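Have a look at the structure below, then the notes.
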Amino acid sequence: MSAVDVQPSRVRTPRGRWPAALAVAVLVGAATLLLPATLGYDAWAWNVWGRQLAHLDLTTTAGPSFKPLPVLALAPLSVLGDATPVVWMGLMRAAAVLSLLLAYRLGARLTGGPAGAVAALSLALSADLYRTALLGSAEPVLIALTLGAIDRHLAGRRDWALVLIALAGLIRPEAWVLLGAYGVFVWLREPGLRPLVAAAVVLPPALWLGMDWIGSGEPLHAGSTATSATEGSAANARVPAFEVVRRAADAVIVPTLILAAVGTAFAVRRRDRPVLSLAALALGWIAVVAIMAEVGFTGTRRYLAAPAAALCVVAGVGLVWLLDAVRERRARIAVGVAVAALALVPALLRAREDARMLSVARSQADQRHELLRAIDRAGGRAAVLRPGRPAINPWLQTALAWELDVPLSGVQATWSSSRRHPHWAPPALVFRAPARLAGPRPALPRGVRTQAVTRSGRWRVLRAAA
């Protein structure tokens with residue numbers, strides 16, 4: 001992933017101010033809270049860790065792989081109490097809106113408004129922006145930071161670009177490669193920024209390893225957690241790198257891929273360094289994820305959200321250049337209609353998938369409300385914790401830990417549904433729900449005596465004793 005100098009003659013300066021864009025993003029993000037949804041597994045864990053960090057009692061021995069930026073942001077937000085998850089979800093959705101505005105701004109900066117419109121639409125139709133924003137994941141922030149860094153670099157503000165890339169490195173370690181390359185570039189070009197370069201390059205890995213070391217006692221605990229995940233991991237494929245490339249292609253709709261290839265080809269022909277750098281960033285990031293999958297990391301598709309966003313911008317530029325290359329007006333119109341027709345079916349399929357995701361999110365929100373009622377009917381927090389560490393379907397482990405105000409290790413997650421290997425031990429209150437939305441139900445080991453305590457909607461609460 002290479003960094004290049006700015007070419008003022010080829011880069012436009014679009015009108016618009018950051019405060020207005022941020023205000024729009026926040027307002028739209030707040031409005032989307034009317035959509036019924038709840039946080040995902042990772043986001044609940046970040047809320048728990050943020051609350052613990054605010055009390056200087058961080059424990060990361062259980063749960064997902066640790067990420068510093070969400071935890072650092074949620075620590076001060078934890079003073080909001082029960083409103084913290086709602087505020088976090090609103091911020092992530094605001095970040096998704098800001099990502100769309102930044103995609104438009106970048107496309108407009110490079111080749112004009114039509115390119116910006118295509119870039120924003122392509123990003124809106126990408127596979128993970130909507131889904132991750134709906135569940136409060138950090139990918140919308142990652143995309144906004146990455147696109148914002150590119151925009152600041154093109155504006156000649158290398159200091160801001162460096163800071164934004166460093167922040168992205170607190171969400172995804174793949175950004176460290178971009179951070180290192182850009183740090184070398186700024187170090188050589190702007191000696192006055194060398195102290196900032198040193199801090200920006202050192203702090204992300206130091207915070208990542210140091211905070212998890214404090215929380216778990218192991219500096220590489222996050223890496224071992226990430227490589228221990230097996231379900232859906234690209235590392236399980238026959239050739240993990242090829243699986244990552246396939247997932248990268250699936251991250252955007254087919255017309256976006258085609259137009260991105262067209263844009264890259266035209267950039268090579270025109271020797272347009274900003275667009276070539278965007279394409280190199282996307283391909284380099286994908287290559288890093290592929291290499292990490294080869295050594296055991298999961299290579300999940302959402303890890304490719306940032307390079308997918310870069311490809312969306314290149315696709316917008318590609319369409320404008322393609323139309324410019326067609327001199328005859330009727331032929332230009334025909335090309336535009338053909339591209340629109342090619343995009344119609346994938347766009348409709350993506351919209352249907354997003355609608356299905358909203359339906360799932362609504363069911364998950366209902367399920368969480370039922371879980372809260374189950375806790376109340378079981379006697380509240382003290383009654384749930386009195387017998388021992390409660391057990392629950394694994395996808396709700398972090399949510400239950402948040403509600404009970406305990407560390408993630410204070411809730412037993414039943415990743416196995418096997419009676420022979422149930423992955424939990426009595427005595428405990430056991431919360432059981434259907435596996436479709438909550439993961440494998442806690443299996444009851446042979447010889448364990450159970451007594452029904454209560455039920456709420458899909459949840460059954462049992463008291464288990466050895």
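If you take the residues in the stretch 148-190 that are more than 20 Å from A308 (Cα to Cα) and either among the aromatic types (F, W, Y) or in contact with a Phe, Trp or Tyr (Cβ under 7 Å, 6 or more places away or on another chain) (or both), which one is surrounded by the most Cβ atoms within 10 Å (Cβ to Cβ)? Before you say what the answer is, go through the steps one by one.
As a first pass, look at the stretch 148-190 and keep what is more than 20 Å from A308 (Cα to Cα): 155-160, 162-163, 180, 183-190.
Still in the list and also either among the aromatic types (F, W, Y) or in contact with a Phe, Trp or Tyr (Cβ under 7 Å, 6 or more places away or on another chain) (or both): 160, 162, 185, 187.
Working: W160: 15, L162: 27, F185: 19, W187: 16.
For the stretch 148-190, the residue satisfying everything is L162.
Residues in the stretch 445-466 that are open to solvent by 40 Å² or more (accessible area, probe 1.4 Å), touching a strand residue (DSSP E or B) at 6+ places or on another chain (Cβ under 7 Å) and in contact (Cβ under 8 Å) with a residue 24 or more places away in the chain: how many?
Step one: list which residues in the stretch 445-466 are open to solvent by 40 Å² or more (accessible area, probe 1.4 Å), which gives 446-447, 449-453, 455, 457-458, 460, 463, 466.
Okay, now just the ones that are also touching a strand residue (DSSP E or B) at 6+ places or on another chain (Cβ under 7 Å), so 449-453, 455, 460, 463.
Going one step further and asking which of them are in contact (Cβ under 8 Å) with a residue 24 or more places away in the chain, we end up with 453, 455, 460, 463.
Residues that pass the stated criteria total 4.
Within the stretch 293-306, track down each residue that is surrounded by 22 or more Cβ atoms within 10 Å (Cβ to Cβ), more than 14 Å from the chain's Cα centre (by Cα) and in a helix (DSSP H, G or I).
A293
Can you find, within the stretch 354-367, the residue that is farthest from W459 (Cα to Cα) among those that are open to solvent by 50 Å² or more (accessible area, probe 1.4 Å) and touching a residue at least 24 places away in the same chain (Cβ under 8 Å)?
In the first step, residues of the stretch 354-367 are kept if they are open to solvent by 50 Å² or more (accessible area, probe 1.4 Å); the result is 355-356, 359, 362, 366.
Subsequent filtering for residues that are touching a residue at least 24 places away in the same chain (Cβ under 8 Å) retains 362, 366.
Details: R362: 16, D366: 11 Å.
Checked the stretch 354-367; the qualifying residue farthest from W459 (Cα to Cα) is R362.
Which count do you get for residues in the stretch 370-387 that are part of a loop (DSSP other than H, G, I, E, B) and more than 34 Å from the chain's Cα centre (by Cα)? Spell out the reasoning first.
Filtering the stretch 370-387 for residues part of a loop (DSSP other than H, G, I, E, B) gives 378-380, 386-387.
From what is left, the residues that are more than 34 Å from the chain's Cα centre (by Cα) are 378-379, 386-387.
Matching residues across the stretch 370-387 total 4.
Which of the following residues is out of contact with any strand residue (DSSP E or B) (no Cβ under 9 Å at 6 or more places or on another chain), open to solvent by 70 Å² or more (accessible area, probe 1.4 Å) and modelled with pLDDT of 90 or more: R420, R381?
Details: R420 fails: modelled with pLDDT of 90 or more.
Going through R420, R381 in turn, just one is out of contact with any strand residue (DSSP E or B) (no Cβ under 9 Å at 6 or more places or on another chain), open to solvent by 70 Å² or more (accessible area, probe 1.4 Å) and modelled with pLDDT of 90 or more: R381.
With of a type outside the set (G, A, S), outside any loop (DSSP other than H, G, I, E, B), at pLDDT below 95 and under 30 Å from G116 (Cβ atoms) as the only criterion, which of T13, T32 stands out?
Values: T13 fails: outside any loop (DSSP other than H, G, I, E, B).
Checking each option against the conditions leaves just T32.
Does R436 fit the bill of being surrounded by fewer than 15 Cβ atoms within 10 Å (Cβ to Cβ) and under 27 Å from the mean Cα position of the chain (by Cα)? Spell out the reasoning first.
On the way: surrounded by fewer than 15 Cβ atoms within 10 Å (Cβ to Cβ): yes; under 27 Å from the mean Cα position of the chain (by Cα): yes.
Here the answer is yes, as R436 does meet what is asked.
Restricting the search to the stretch 259-292, which residues are surrounded by fewer than 19 Cβ atoms within 10 Å (Cβ to Cβ) and over 27 Å from R152 (Cα atoms)?
Residue satisfying the conditions is I291 alone.
Could you say which residue among W44, W88 is aromatic (F, W, Y) and over 16 Å from S409 (Cβ atoms)? Give the derivation first.
Values: W44 fails: over 16 Å from S409 (Cβ atoms).
Residue meeting the stated conditions: W88.
Considering each residue of the stretch 282-297, count those that are within 15 Å of L178 (Cα to Cα) and of a type outside the set (A, V, I, L, M, F, W, C), and give that number.
The number of residues fulfilling the criteria is 1.
Can you give me the number of residues within the stretch 191-245 that are in a helix (DSSP H, G or I), in contact (Cβ under 8 Å) with a residue 60 or more places away in the chain and either open to solvent by less than 50 Å² (accessible area, probe 1.4 Å) or more than 17 Å from W46 (Cα to Cα) (or both)?
Of the stretch 191-245, the ones in a helix (DSSP H, G or I) are 191-216, 221-228, 234-236, 240-245.
Imposing the further condition that a residue be in contact (Cβ under 8 Å) with a residue 60 or more places away in the chain reduces the set to 204, 207-208, 211-212, 214-216, 221-223, 225-227, 234-235, 244.
Checking the rest, the ones that are also either open to solvent by less than 50 Å² (accessible area, probe 1.4 Å) or more than 17 Å from W46 (Cα to Cα) (or both) come to 204, 208, 211-212, 215-216, 221-223, 225-227, 234-235, 244.
Residues in the stretch 191-245 being in a helix (DSSP H, G or I), in contact (Cβ under 8 Å) with a residue 60 or more places away in the chain and either open to solvent by less than 50 Å² (accessible area, probe 1.4 Å) or more than 17 Å from W46 (Cα to Cα) (or both): 15 in total.
Quick one: how many residues across the stretch 150-172 are without any contact (Cβ under 8 Å) to a residue 40 or more places away in the chain and either touching a strand residue (DSSP E or B) at 6+ places or on another chain (Cβ under 8 Å) or under 22 Å from A290 (Cβ atoms) (or both)? Spell out the reasoning first.
So in the stretch 150-172, the residues without any contact (Cβ under 8 Å) to a residue 40 or more places away in the chain come out as 152, 157-166, 169.
Adding the requirement that they be either touching a strand residue (DSSP E or B) at 6+ places or on another chain (Cβ under 8 Å) or under 22 Å from A290 (Cβ atoms) (or both) leaves 165, 169.
So the answer is 2.
Could we say that A83 is out of contact with any Leu (no Cβ under 6 Å at 6 or more places or on another chain) and open to solvent by less than 10 Å² (accessible area, probe 1.4 Å) here? Steps first, answer last, please.
Details: out of contact with any Leu (no Cβ under 6 Å at 6 or more places or on another chain): yes; open to solvent by less than 10 Å² (accessible area, probe 1.4 Å): no.
No.
Just name the residue that is most open to solvent (accessible area, probe 1.4 Å) out of those in the stretch 327-352 that are basic (K, R), assigned to a helix (DSSP H, G or I) and closer than 25 Å to L110 by Cβ.
Going residue by residue through the stretch 327-352, those that are basic (K, R) are 327, 329-330, 332, 350, 352.
When the remaining residues are screened for being assigned to a helix (DSSP H, G or I), the result is 329-330, 332, 350, 352.
Okay, now just the ones that are also closer than 25 Å to L110 by Cβ, so 329, 332, 350.
On the way: R329: 166, R332: 83, R350: 20 Å².
This residue is R329.
G112 passes all but one of (1) buried (at least 21 other Cβ atoms within 10 Å of the Cβ); (2) at positive phi; which number fails?
Evaluating G112 over (1) buried (at least 21 other Cβ atoms within 10 Å of the Cβ); (2) at positive phi leaves (1) as the failure.
Out of (1) open to solvent by 50 Å² or more (accessible area, probe 1.4 Å); (2) charged (D, E, K, R); (3) in contact (Cβ under 8 Å) with a residue 24 or more places away in the chain, what's the single condition that is false for D324?
Only one criterion is unmet by D324, namely (3).
The values are calculated or read from the model by the stated rules, or taken from the named source; none is laboratory data. A quick note: this is a predicted structure, and the numbers were derived from the prediction, not measured. When we count neighbours, we look across all protein chains shown, and the Cβ atoms used for this are built from the backbone with ideal geometry, even at glycine. For the accessible areas, the whole protein counts, side chains as well, though only heavy atoms, and no ligand, DNA or RNA atoms are used. Shrake-Rupley method; radii C 1.70, N 1.55, O 1.52, S 1.80 Å.
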